[in-house]
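See structure below.
Here, each number is a calculation from the coordinates, and none is a lab measurement. From a predicted model like this one, the values you see are computed outputs, not experimental measurements. Methodologically, a virtual Cβ is constructed for each residue, glycine included, from the backbone with ideal geometry; neighbour enumeration extends over all protein chains shown.
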Amino acid sequence: MSTLTVVLIIVVLVAALVGAGLLLRARRGPGGEARALERRFGPEYGRTLARHGDDHESAHRDLHERVERYGRIRHLPLEPATREHYVARWTVLQERFVDSPRQAVADADELLTRIAATRGFPEPDRAEEQLAALSVHHPHHVEGLRTVRRAAHSPSVSTEELREALVHARALFEDLTATGTPAGTDPARTRPITGHDRGHLLKPKGSGA
């Protein structure tokens with residue numbers, strides 16, 4: 001093979017690589033990047049975009065930074081006895097909702113943050129970091145933790161809103177106490193809260209139900 005032939009082959013290969021790179025960059029332009037992030041983060045993408053005032057560049061930078069910082073977290077195993085303990089605590093706080101709705105929601109906030117730390121996420125005293133990490137691994141259900149946290153600290157929230165917050169948070173609880181791949185990372189396993197879910201919690205005393 002002559003030197004000229006070798007040079008021509010190298011030139012063709014380099015041109016092909018450059019062309020492939022340009023095509024990939026074109027496909028992953030602003031629209032492509034948005035679609036990729038939306039597929040990964042689901043509802044968390046829309047919430048992040050709204051939080052940044054529909055500024056796509058800022059929202060995308062926020063989400064990329066979360067992935068870079070927390071994407072390597074691996075869920076630590078949950079021992080069967082520990083899981084049973086957490087399930088029992090969740091059952092108790094749901095029952096407690098009948099007599100003390102606000103305390104039950106505060107307990108749910110505390111329990112979720114404790115379970116998250118047990119599974120390898122940042123500790124409860126690093127609340128914002130924990131939420132950011134959970135948003136990467138449980139983007140479809142992390143809002144449940146935000147909801148109970150807001151409800152637990154809002155003096156004007158109604159009893160029905162407290163109940164809805166607790167129902168909303170249960171999906172994240174199920175994710176964190178599940179074995180195997182977290183359900184929150186698989187959009188196909190997510191589902192909306194149904195009427196049956198809402199009826200699962202006992203009505204508080206004095207609700208008329």
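If the only charges are +1 at each Lys and Arg Cβ and -1 at each Asp and Glu Cβ, what is the size of the charge dipole of the stretch 72-178 around the Cα centre, to the nearest 20 debye? Display every interim value, and only then the final one.
Details: 14 positive and 17 negative charges, 46 e Å.
That gives a dipole near 220 debye.
Mind jotting down the distance between the C-alpha centroids of the stretch 118-136 and the stretch 70-111, whole Å?
15 Å
Cβ neighbours within 10 Å, averaged per peptide: list 36-42, 107-113, 148-154 in order, most packed at the top. Don't skip to the end; give the middle numbers.
Values: 36-42: 16.1, 107-113: 22.9, 148-154: 19.1.
Taking the mean over residues of other Cβ atoms within 10 Å, the ranking is 107-113, 148-154, 36-42.
Specify which residue in the list 34, 85, 59 is farthest towards the positive end of the charge dipole of the stretch 32-102, using unit charges on the beta carbon of Lys, Arg (+1) and Asp, Glu (-1), about the Cα centre.
Farthest along the dipole direction, towards plus: 85.
Give me the one-decimal nm value for the distance between modelled label points at residue 161 and residue 79, 7 Å along each residue's Cα-to-Cβ direction.
Using points 7 Å along Cα→Cβ, the separation is 4.1 nm.
I'd like to compare 117-123, 130-136: which one has the highest average count of other Cβ atoms within 10 Å, and what's the full order after that? Numbers along the way, then the final one.
Values: 117-123: 17.4, 130-136: 22.9.
Packing proxy ranking, top to bottom: 130-136, 117-123.
For the stretch 137-156 and the stretch 32-54, compute the distance between their C-alpha centroids and round to whole Å.
So the two Cα centres are separated by 18 Å.
Quickly rank 165-177, 44-56 as a protection proxy: mean count of other C-beta atoms within 10 Å, highest first. Show your work: numbers first, answer last.
Details: 165-177: 22.8, 44-56: 14.9.
Output ranking for 165-177, 44-56: 165-177, 44-56.
Set the Förster distance to 41 Å, then compute FRET efficiency between residue 56 and residue 91 from the Cβ-Cβ distance, nearest 0.05. If you can, show how the numbers build up before the last one.
On the way: r = 43 Å, r/R0 = 1.04.
It comes out at approximately 0.45.
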